Structure formats: C-alpha cells, structure tokens
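The values are calculated or read from the model by the stated rules, or taken from the named source; none is laboratory data. This is a predicted model, so every value here is computed, not measured. Cβ sites come from the backbone with ideal geometry, for glycine too, and all protein chains shown count toward neighbours.
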C-alpha cells in the first residue's frame, strides 16, 4: 500500500482509495490491484472506515456506510467522522495521534446504552501522508468462528466434524443429539470416535487439541 488518495467522501467512500505501483505476481498495473483491494475492503462483515488524520472520510465499506446512514453512534458531518458522544472526541483524537505501528482498540459508547462498539484502529503511512483504518465490532455480538477442515489432520467424517465443533462449543451429548436430530447413543458413539481420532481423553483435552484449528 504505497499511496493514500485524499478527496471528498462522495468521491471515495465506495472504494478502497488505495493504489500500488504494480502487482508483483502478474505485472498488472494500479487499476487491477486497486480493484482487488476495493473488493477486499468491501467483504469485511464489520463496519470499516479509512480516515485522514483530521478524521476526513477517505473510504467506507458497505457496513460502514449503513452505520453512517443510521446517524447513530458514528456519523458524518462536513465529510468528517464524529462520535455521537461529543465528549469523547478530544480523547479519541488523542488516541489516534498516539498510535504507533501496532493496532490498538478504543471503546465507543453506544447511544442505545447496550454495550459498546470496539473500534480497532491501525495507523497507515504512505508517500502521501498518514491515515487510519478503523474497524468496529459490536461488543454484544457473539464472535463468528472459522474452522479449518478437520478431516485433514484427524480424518474426521463430516458428521464427526460437526459433532467436534458442537463439543468445542460446550454442548453435551444430549444437546448435540437434539441439534443434529440423532439419538443420544449415536451422539456418544461419535464422541468416542472423535476422542480416538484426536487422541483426546476429556473435553478439556479436546478443546486444547481443536483450538489451533479455529479462529474468530
């Protein structure tokens, strides 16, 4: 990411607003790489923004634009991002100004008083100056888990893989039997097979074995 363009929010908030000199794999130029970056920016499931040092909006993904359209906890005024709780603005600016190379998080109070937005901020430095990426996560929302294919390291069948994930989430044999529409005895058979294939001897051990194969 070598260059950050500045401009009005109307011009830029639908794209990733970044460019690079060339694609090292194909030799394609700026347009190709910028289009891929724009797609990458848009597929994030959480509200995401790119702002300049004075909080002028450079880009926003679809979820970010939806949040702005609601005129709620974060809003756009004269092209700049503002928090609904104005008392937070000075400390928020100081938080961004103090960012180093590592990303940090900032709690944004929700107007409905039901938890917080957890804002992850990262400083971006390019030849045209400094900007910030801001990604928001609802503190009240359960995290989405992404799993590796457990059939590869443990030779689990598709049904065993489902059971293993339910066990990881803490379901009992009775609960996962109801979830999967099978008998409790069948559920217990699956559990025994999973323990055998993973080398686990308890729920705690199974959790430890499976943890490296999932992320949130």
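At a glance:
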item: Count of residues meeting criterion [assigned to a loop (DSSP other than H, G, I, E, B) and either at pLDDT 50 or above or crowded, with 20+ Cβ neighbours inside 10 Å (or both)] in segment 16-40; result: 3
item: Those residues of segment 176-216 which are touching a residue at least 40 places away in the same chain (Cβ under 8 Å) and over 15 Å from residue 150 (Cβ atoms), in sequence order; result: 216
item: Residue check, residue 185 surrounded by 12 or more Cβ atoms within 10 Å (Cβ to Cβ) and not assigned by TED's automatic domain parsing to the domain that holds residue 45; result: no
item: Flag for residue 132 being touching a helix residue (DSSP H, G or I) at 6+ places or on another chain (Cβ under 7 Å), at pLDDT 90 or above and either within 30 Å of residue 206 (Cβ to Cβ) or in the same structural domain as residue 202 (by TED's automatic domain parsing) (or both); result: no
